[in-house]
1. Scan 185, 207 and give me the residue that is in contact with a strand residue (DSSP E or B) (Cβ under 8 Å, 6 or more places away or on another chain) and under 24 Å from residue 137 (Cβ atoms).
2. Hey, among 208, 220, 298, which residue is under 19 Å from the mean Cα position of the chain (by Cα) and modelled with pLDDT under 95?
3. Looking only at residues that are under 25 Å from residue 213 (Cβ atoms) and touching a helix residue (DSSP H, G or I) at 6+ places or on another chain (Cβ under 8 Å) in the stretch 285-299, which one is surrounded by the fewest Cβ atoms within 10 Å (Cβ to Cβ)?
4. The conditions are (1) without any contact (Cβ under 8 Å) to a residue 24 or more places away in the chain; (2) closer than 30 Å to residue 315 by Cα; (3) not assigned by TED's automatic domain parsing to the domain that holds residue 342, and residue 110 fails exactly one of them. Which is it?
5. Find the residue count for the stretch 166-181, including only residues that are free of Cβ contacts under 8 Å to residues at least 60 places away in the same chain, more than 18 Å from the chain's Cα centre (by Cα) and assigned to a loop (DSSP other than H, G, I, E, B).
């Protein structure tokens, strides 16, 4: 276990962007550094205000992915909305639809699709794992499932590991090396409470700031209800929506008699909302034996998505949440269900970034 590489996430709360109509809570103090020679990783609670080194700022609508030379390059634009969509016929993934099979609506108004792909795009993935006291006996099985997820994914994916209890630690930075990810997951010191919402928000910030793959995903695994966060559930969701992603897949290990019915109900609702409001899925296995199966399902879901881009008929300067609906119909098929993020907030300026991923 590489104790020297542990970096504490600190939450720097800035009040310039209210969360769900509320003033942001007071910032948490920077925690002790590990080791003292390293500066703690500060995950800016509002990183979107700062330009890049060249002074460029844009909004985080993302233009279609283009293959250039040996890599894919994803360029940001000021007004394009990009959706990752999973299509199901019953419980079966539908992999062979065309652009004309889809319709996109924003606040009930049909939009014109400008870009469309169905490609196994590389993913920047955050593994956000509960490290509170109740997880001690579960962590070996959880870690094995997390590694299975990585190994079942695109070989060009990159992932990082955050272990959280009442604090969140970045125990492995972005890497495609399974051995390094295994070492990050192996840092088990289960103790303390569960600051789930803070961990999600901080991990989403880190993913958007440092991820270099075209798609962005968080996988969150926990066995309890949040009891230690500075942020509320609604504030954490709003933070992710303000970043125009990522998708969040949640796995709630809520079986057993460690929690009351009310705690289970509250925890389940929170995990469902984190997933539903970002376009992911919430899973609730009945035992640890189902972890590997769920890992495989998450990997398949991520690798079989459609990427759809459109330019809103509303000006980006017009504020408020915009509800998005995507539908699909295809000749010879039954009723199709499309899962994607349910909407977005018009983006405040993001650092201009060019996302590159090695092509096949």
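1. 185 is the lone residue from the list that is in contact with a strand residue (DSSP E or B) (Cβ under 8 Å, 6 or more places away or on another chain) and under 24 Å from residue 137 (Cβ atoms).
2. 208
3. The qualifying residue surrounded by the fewest Cβ atoms within 10 Å (Cβ to Cβ) is 296.
4. (3)
5. Residues that pass the stated criteria total 1.
The values are calculated or read from the model by the stated rules, or taken from the named source; none is laboratory data. No experiment lies behind these values; they were computed from the predicted model shown. Positions of Cβ are generated from backbone atoms using ideal geometry, with glycine treated the same way; all protein chains shown enter the neighbour counts.
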